[in-house]
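So the structure is just underneath, and the comments pick up after that.
Quick note: the coordinates plus some simple rules give every number you see, no bench work behind them. The shown structure was predicted, so the numbers you read here are calculated from the model rather than taken from an experiment. Virtual Cβ from ideal backbone geometry, glycine too; neighbours counted across all protein chains shown.
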Amino acid sequence: MHIGNSDRPRITGQFETLKKGDIGGVPAQRRPDVIETVSSMLSDIEANGLDAVLRYSRTLDGWAGGELELSAEALARTGDELPADLREALEVGADRTGRFARAQRERLTDFEVELEPGLLTGYRYLPVPRVGAYLPAGNFPILASAFMTVGVAKAAEVPTVLVCTPPVTPEAGHPAVLYAAYLSGADRAFVLGGVQALAAMAFGLVGEASVDMLVGAGNAYVTEAKRQLFGRVGIDLLAGPSEVAVIADETADPEMVAADLLGQAEHGLQSPASLVTTSRALGEAVILAVDRQLETLSTREIAGPAWRDYGTVYLADTRETAVELMDLLAPEHLEVLTAEDDWYHDHLSSYGSIFLGPWSTVAYSDKGMGGTNHVLPTGRGARSNAGLSVSRFLRPLTYQRATREATPELAPYVERIAHFEGMEAHERTATLRLRQYHA
């Protein structure tokens, strides 16, 4: 998250850069080698089917063979391998995320309106029939991902949700990831990772039929596979490295701001973290606090380079300028730690999800405890898009019902427009009905 020269004309106030990233800009999200590899794999899998899927699973993930799919009983038993306190935390997260999603669904209602006498129009919300969710399990298995994808899809009443997660041993997937999928209501679960997992779901090689939509985060190869499969199936969004930004004033605790910035920087080497502040003292104190906290952070080899290369701190002359800066950055996650949180909430408009006040933190959402979804737009995507929610799994399908009485308010206008356009067949459909009306 970086304010470039092209951004400056859009900022009416004054600001100063207290820290810039050594690399800066938006982290590269597409690499030619990744694009070529994914394209080759998808072509191979489409041509050679499950044999190609299993070959990639063995060579890339070390899969030793056996059944790809877990039985319903085996999926339910995955929690038996976990500590009781972790099981409890996962159960709480699944419940809260599900309750928030169901509350969203209740507020999305069908409607009908009579535009003219005899002309009824409306729409019905119908769920996507089949969804495939990818649940990563790499260096950091993000256990709440199932809540945000599988659980929200089931809250939208999607009939069938398949889950794929990579093997973490030659024989099995990650038990905590699978238990989270079970709690979220997954219908079927497969131990299958990477590009081959997405291809298998999209091409109907697992689960008996192809899915209609793919969701879930992953590495650069998974993201590129979603990009290349889009059109054949729907997707949630193309997320890049995780981002966090904080707006803070002189009332904020620099240690807390620093901790929350590093809380997202540890996601990956290209994870940007940015602070916009109206206080020079606070900004300088946060920079020092980040450096100090990195000294003892177990993930400093990830968070440190991310902060060095992509971390930024901007000093704004007014709160209005702070809002302008932040709306340009359009971060995935935005924390507001000020004496005027409500004012900022009312005036900020471009972010994936917002966290208000010192008692809120992005981690509450990341781990499923806050209820809101953590599948969110990155790379300034929040300026035009929103994160994953129940509505993404629902299709508002429109309908129109015209009666004989509505014909005079429809047909003559269609005749005129179609005649001007030269579309005679369109014109005739209206003329035929008008003649029958007057017959």
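Quick notes
- For region 337-371 versus region 255-287, the gap between their alpha-carbon centres in whole angstrom: 15 Å
- Given the chain, longest segment not containing exposed loop GluC sites (Glu not before Pro) (DSSP; at most 10 other Cβ within 10 Å): 296-439
- Kyte-Doolittle mean at least -1.0 and Cα axial length at least 30 Å: DSSP H helices in the chain: 84-106
- With at most 16 neighbouring Cβ atoms within 10 Å, loop trypsin sites (Lys or Arg not before Pro) (DSSP) excluded, longest segment of the chain: 233-439
- Ranking VAL290, VAL336, VAL150 by how far each Cα lies toward the positive end of the dipole of the chain (charges on Cβ) leaves VAL150 at the top.
- Translational D in µm²/s for region 234-343 (Stokes-Einstein at 4 °C, 1.567 mPa s, Kirkwood Rh from C-alpha pairs): 92 µm²/s
- Unit charges at the beta carbon, dipole of the chain: most positive-side option, THR378, SER271, PHE111: PHE111
- The chain - mean residue ellipticity at 222 nm from DSSP helices (-39,500 (n - 2.57) per run, n ≥ 4, rounded to 500): -12500 deg cm²/dmol
- Kirkwood hydrodynamic radius computed over the chain comes to 24.1 Å, based on all pairs of distinct alpha carbons.
- Considering every alpha-carbon pair of region 139-244, the percent of pairs per 5 Å bin, from zero through the bin containing the longest distance, is 2, 12, 23, 27, 23, 10, 2, 0.
- Between ARG232 and ASP95, the simple spin-label model (points 7 angstrom out along Cα→Cβ) gives 4.1 nm.
- Rounded to 5, the percent of DSSP beta bridges in region 32-235 classed as antiparallel: 35 percent
- Equivalent ellipsoid semi-axes - Cα gyration tensor, region 9-134, angstrom: 37, 33, 26
- The chain - share of DSSP beta bridges that are antiparallel (%, nearest 5): 40 percent
- For the chain, relative contact order (Cα pairs under 8 Å, six or more residues apart, normalised by length) works out to 22 percent.
- Taken over the C-alpha atoms, region 32-235 has Rg and Dmax values of 18.5, 67 angstrom.
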